[in-house]
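Worksheet: the structure to be examined is printed underneath.
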Amino acid sequence: MVSLAPLTTAATAHVVQTALAPVFMLSGIGTLLNIFATRLARVGDQVDLLAAEACDAAVSFRLRSLRRRSQALDLAVLTAAIAAALTCASVFVLFLAALLDRPAASLIFALFGGAILLTMLAITCFVFEMSLAARGVRQAVDKNMDDRSVSDRAG
């Protein structure tokens with residue numbers, strides 16, 4: 001039931017100010033989702049290129065590595081998207097609680113706390129994917145350097 005006493009301008013302004021922190025977090029999560037989607041698209045592009053090649057042991061190894069990277073990014077996207085939804089829900093509950101003049105601190109803490117935990121998990125998945133990508137780069141550099149040293153000795 002909506003409260004009969006209308007919210008004052010000052011009370012409304014306070015609710016809006018309180019909602020700003022989750023809104024800034026939502027903006028950050030959106031930026032993370034953009035980064036994750038871009039990296040996932042690059043992994044997909046690499047898979048498309050490798051799929052056109054003859055499947056030997058090196059291509060198969062690279063495809064398995066790209067699969068692990070895509071799985072890490074999938075989890076990062078999923079957890080960040082759920083975090084964004086929980087952040088929106090916390091703002092919605094904040095406004096609804098103010099409008100209905102009902103206590104909702106526990107629910108707001110749970111929603112926002114869940115959003116923070118899921119954002120931390122998304123960033124952890126991203127760091128894992130970055131480490132997989134860096135390992136792949138180092139392996140490619142090492143292989144290239146080994147190939148060059150063999151060809152230098154032969155020549």
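Below is a table of values for the structure above.
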{"quantity": "Some residue of region 38-56 being among the β-branched types (V, I, T) and within 17 Å of L121 (Cβ to Cβ)", "calculated": "no"}
{"quantity": "Selection from region 98-118 of residues that are in contact (Cβ under 8 Å) with a residue 24 or more places away in the chain and of a type outside the set (A, V, I, L, M)", "calculated": "D101, F112, G114"}
{"quantity": "Among residues of region 88-120, those that are under 16 Å from L33 (Cα atoms) and surrounded by fewer than 17 Cβ atoms within 10 Å (Cβ to Cβ), counted", "calculated": "4"}
{"quantity": "Unmet requirement for E129, which otherwise passes all of (1) of a type in the set (D, E, K, R); (2) under 21 Å from the mean Cα position of the chain (by Cα); (3) at pLDDT below 95", "calculated": "(3)"}
{"quantity": "Filtered residues of region 44-65 (kept if of a type in the set (A, V, I, L, M, F, W, C) and over 18 Å from A133 (Cβ atoms))", "calculated": "A51, A52, A54, C55, A57"}
{"quantity": "One residue from V43, V77, V47, V23 being surrounded by 15 or more Cβ atoms within 10 Å (Cβ to Cβ) and touching a residue at least 40 places away in the same chain (Cβ under 8 Å)", "calculated": "V77"}
{"quantity": "Scope region 25-59; condition at pLDDT below 90 and in a helix (DSSP H, G or I); matching residues", "calculated": "A51, A57, A58, V59"}
{"quantity": "Test: residue in region 136-148 that is under 30 Å from A58 (Cα atoms), part of a helix (DSSP H, G or I) and touching a residue at least 40 places away in the same chain (Cβ under 8 Å)", "calculated": "yes"}
{"quantity": "Any hit, region 60-69, residues being within 12 Å of the chain's Cα centre (by Cα) and free of Cβ contacts under 8 Å to residues at least 12 places away in the same chain", "calculated": "no"}
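The values are calculated or read from the model by the stated rules, or taken from the named source; none is laboratory data. Bear in mind that the values here come from a model prediction, so they are computed numbers and not experimental data. Glycine also receives a Cβ, built like all others from the backbone with ideal geometry; neighbour counts cover every protein chain displayed.
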